[in-house]
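Asks: I'd like to ask you about the structure that follows.
The values are calculated or read from the model by the stated rules, or taken from the named source; none is laboratory data. Just so you know, these numbers come straight off a predicted model, no measurement behind them. Cβ placement follows ideal geometry from the backbone for every residue including glycine, while neighbour counts extend to all protein chains displayed. These accessible areas exclude ligands, DNA and RNA; they are computed on the full protein's heavy atoms, side chains included. Shrake-Rupley method; radii C 1.70, N 1.55, O 1.52, S 1.80 Å.
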Amino acid sequence: MNTTNKDNNLLTEGSLYYLIRDAKSGTINPPLMILMHGVGSNEQDMFAFAEHLADNFLILSARGPLTVGPNSFAWFQVDLTTGVSVINYDQAEKSRKIIIQFIESLKTRYSFDEKKIYLGGFSQGGIMSYSVGLTRPDLIKGIVVMSGRLLKEVRPLIASMEKVASLEVFISHGISDNVLNIEYAREAYAYLKTLGLVPSYKEYEAKHTLSNEMFQDLIHWLKSK
């Protein structure tokens, strides 16, 4: 069911709520960029950047399906009680499938270039970008991973080298990230290279945040698409 909340322009497709920014330049059949927030945030967080992204893109900012607090959502829950991050992988896998279905449903609602679908996000949003993009490179043209990591549980599901060969990847991560250590980014980068991918990869003097420098590099990367 498709519905619209007229108070805040919030839309829903399947089980996900989202906000949308049309392609500004009047582009026919524009590329699509789907943004996803981190744990405890919401669709407004990433949508704040939409107006600064490439004019020719149709941009959506999606809300995670799990409610973790007032106006606070996630793609999966994380247990930190032991001092070690333990994820609920069943939820992460369910969200991966939800995102795939969401993208398929969007094809029946909007006109965009189905061969140029980009998926990106911060923290958990970046994690889900890895999970969807690497398992469904037939659906996704490129992924943006900002301060995220590649879940080890997803690796067995990753498509063959031949299928992922054309996937475009942008990775940014703060060296002083105190939530997801920089080693997560370095390990993912090294692993992706074994798949034959050549990601755009950069480290920053930053903590767990989306800094202006990171964002400017993302803008530049998207403009080249």
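Asks: Please go through the range 129-161 and pick out each residue that is in contact (Cβ under 8 Å) with a residue 40 or more places away in the chain and in a strand (DSSP E or B).
Replies: GLY142, VAL144, VAL145, MET146
Asks: Just to verify a result, which residue in the range 106-143, among those that are among the hydroxyl-bearing types (Ser, Thr, Tyr) and more than 22 Å from ALA23 (Cα to Cα), is modelled with the lowest pLDDT?
Replies: Restricting to residues being among the hydroxyl-bearing types (Ser, Thr, Tyr) and more than 22 Å from ALA23 (Cα to Cα), the top hit is SER123.
Asks: With a cut-off of at least 3 residues that are open to solvent by 40 Å² or more (accessible area, probe 1.4 Å) and at pLDDT 95 or above, name the strands (runs of 3 or more DSSP E) lying wholly within the range 1-95.
Replies: Answer list for the range 1-95: none.
Asks: For the range 96-111, give me each residue that is more than 15 Å from the chain's Cα centre (by Cα) and either buried (at least 17 other Cβ atoms within 10 Å of the Cβ) or in a strand (DSSP E or B) (or both).
Replies: LEU106
Asks: I'd like the full set of residues that are more than 16 Å from the chain's Cα centre (by Cα), part of a loop (DSSP other than H, G, I, E, B) and aliphatic (A, V, I, L, M), limited to the range 162-179.
Replies: ALA165, ILE175, VAL179
Asks: Within the range 181-225, work out how many residues are among the acidic types (Asp, Glu) and assigned to a helix (DSSP H, G or I).
Replies: Number of matching residues: 4.
Asks: In the range 135-177, which residue that is among the β-branched types (Val, Ile, Thr), in contact with a Phe, Trp or Tyr (Cβ under 9 Å, 6 or more places away or on another chain) and open to solvent by less than 20 Å² (accessible area, probe 1.4 Å) is nearest to LEU195 (Cα to Cα)?
Replies: VAL169
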